[in-house]
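The structure appears right after this line, and notes come after that.
The values are calculated or read from the model by the stated rules, or taken from the named source; none is laboratory data. Source: prediction; values computed, not measured. Methodologically, a virtual Cβ is constructed for each residue, glycine included, from the backbone with ideal geometry; neighbour enumeration extends over all protein chains shown. For accessibility, only protein heavy atoms count, side chains too; no ligands or nucleic acids. Shrake-Rupley method; radii C 1.70, N 1.55, O 1.52, S 1.80 Å.
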Amino acid sequence: MLVVGELINSSRKAVAQAIAERNTEYIQDLARKQVEAGAHIIDVNCGTSIGEEEKVMTWLVTSVQEVVDVPLCIDSPSAGALAAGLAVHKGQAMINSITAEKDRWQEVLPLVQKYKAKIIALCMDDGGMPETVEDRLRVADKLVPGLLEAGIPEDDIYLDPLIKPLGVNSRYGVEALDAVAALKEKYPKVHTICGLSNVSYGLPERRLLNRAFMVMCLTKGMDAFILDPLDGQLMGLLKAAMALAGQDEYCLEYIAAARAGRIKA
Ligand code: THG
């Protein structure tokens with residue numbers, strides 16, 4: 001299970017402010033805390049720094065890698081910002097993200113190749129956001145063969161079914177879950193990933209929904225999450241659910257985490 005820490009995201013007010021002030025200490029502290037809490041990769045996003053995204057991404061990647069020894073997930077709608085972040089990144093980065101949209105595909109694919117990065121492939125194309133399982137499969141049928149043909153190893157590909165808010169349509173949870181199962185069946189060696197907190201957008205007590213959805217995703221074969229690792233309940237449930245799903249031999253990880261006080265009921 002791969003845990004990507006989501007907190008360095010400029011859609012969060014405190015992070016947007018830290019970026020505006022170039023508060024290196026705040027960003028570094030947020031990176032350290034997420035790694036201590038169990039994140040394997042740290043997402044860095046500065047989508048709201050319009051006009052100076054390349055500069056900001058360079059600063060974010062450099063600042064975070066000064067204090068933690070994990071790879072980063074470079075998250076931006078701007079290919080220029082992705083390239084700027086990748087140019088200063090140490091180790092194997094993860095790119096967030098490529099899609100089957102014609103322009104995005106052409107801009108991002110050369111970066112994946114050049115930097116031998118892991119790649120998150122969103123199940124969307126020029127037809128827009130997916131609604132159903134079939135929409136997602138149809139797009140995955142362009143993404144996966146396209147990436148393989150371009151020489152990207154299966155093990156570096158992370159399909160994201162795109163989680164949409166349950167508050168908008170009560171089918172959005174099951175459509176995404178069924179899509180994960182279908183993607184895993186069709187492409188067993190390709191990974192699946194999702195941002196958990198999208199599901200709860202606009203609903204009360206969001207963490208409850210995020211936590212429940214994480215467990216349900218895991219039973220469908222999801223093997224990576226973009227999440228808030230500082231939610232201790234979520235991280236505890238993740239360990240418990242992995243043990244129950246047969247993904248933790250002899251429950252060794254669960255027991256070790258409990259003994260170390262990293263998870264609590
Ligand atoms: N898939 C991929 N990448 C993604 C997502 C995804 N990146 C962005 C997002 N979804 C996951 N990351 C976050 C980061 C922070 C928050 C949610 C998702 C967050 N949001 C609060 C909110 O929306 O209310 C902001 C509150 C605040 O201001 O603090 O915290 O699905 N590939």
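Computed quantities for the displayed model
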{"item": "With every protein chain in place, the range 1-148: carbon and sulfur % of accessible area (1.4 Å)", "result": "51 percent"}
{"item": "Among the listed pairs Lys55/Lys90; Lys13/Lys33; Lys90/Lys116; Lys90/Lys189; Lys164/Lys184; Lys13/Lys102, those beyond 21 Å (Cα-Cα)", "result": "Lys90/Lys189; Lys13/Lys102"}
{"item": "Translational diffusion of the range 1-90, µm² s⁻¹ [Kirkwood Rh, Cα pairs; Stokes-Einstein; 25 °C; 0.890 mPa s]", "result": "195 µm²/s"}
{"item": "Using a Förster distance of 25 Å, the FRET efficiency for Asp103-Arg207 (Cβ separation, nearest 0.05)", "result": "0.10"}
{"item": "Descending principal axes extents, the range 51-165, alpha-carbon based, whole Å", "result": "43, 29, 24"}
{"item": "Compactness of the chain - radius of gyration and Dmax, Cα, Å", "result": "17.8, 51"}
{"item": "Rounded accessible area per residue of the range 64-141, 1.4 Å, Å²", "result": "42 Å²"}
{"item": "Whole-Å distance, taken between Cα centres, linking the range 243-258 and the range 58-107", "result": "32 Å"}
{"item": "Per-residue ³J(HN,Hα) for the range 166-180, Karplus 6.51 cos²θ - 1.76 cosθ + 1.60, θ = phi - 60°, Hz, x for Gly and Pro", "result": "4, x, 7, 8, 6, 8, 5, x, 5, 4, 5, 5, 5, 5, 4"}
{"item": "Contour excess over end-to-end distance, with Cα ends at Asp155 and Val174 and 0.36 nm allotted per residue", "result": "4.2 nm"}
{"item": "Solvent exposure ordering (accessible area, 1.4 Å, most first) of Arg12, Arg136", "result": "Arg12, Arg136"}
{"item": "Highest to lowest packing among 62-72, 246-256, scored as the average C-beta count within 10 Å", "result": "62-72, 246-256"}
{"item": "Fraction of beta bridges assigned by DSSP in the range 53-188 that are antiparallel (%, nearest 5)", "result": "10 percent"}
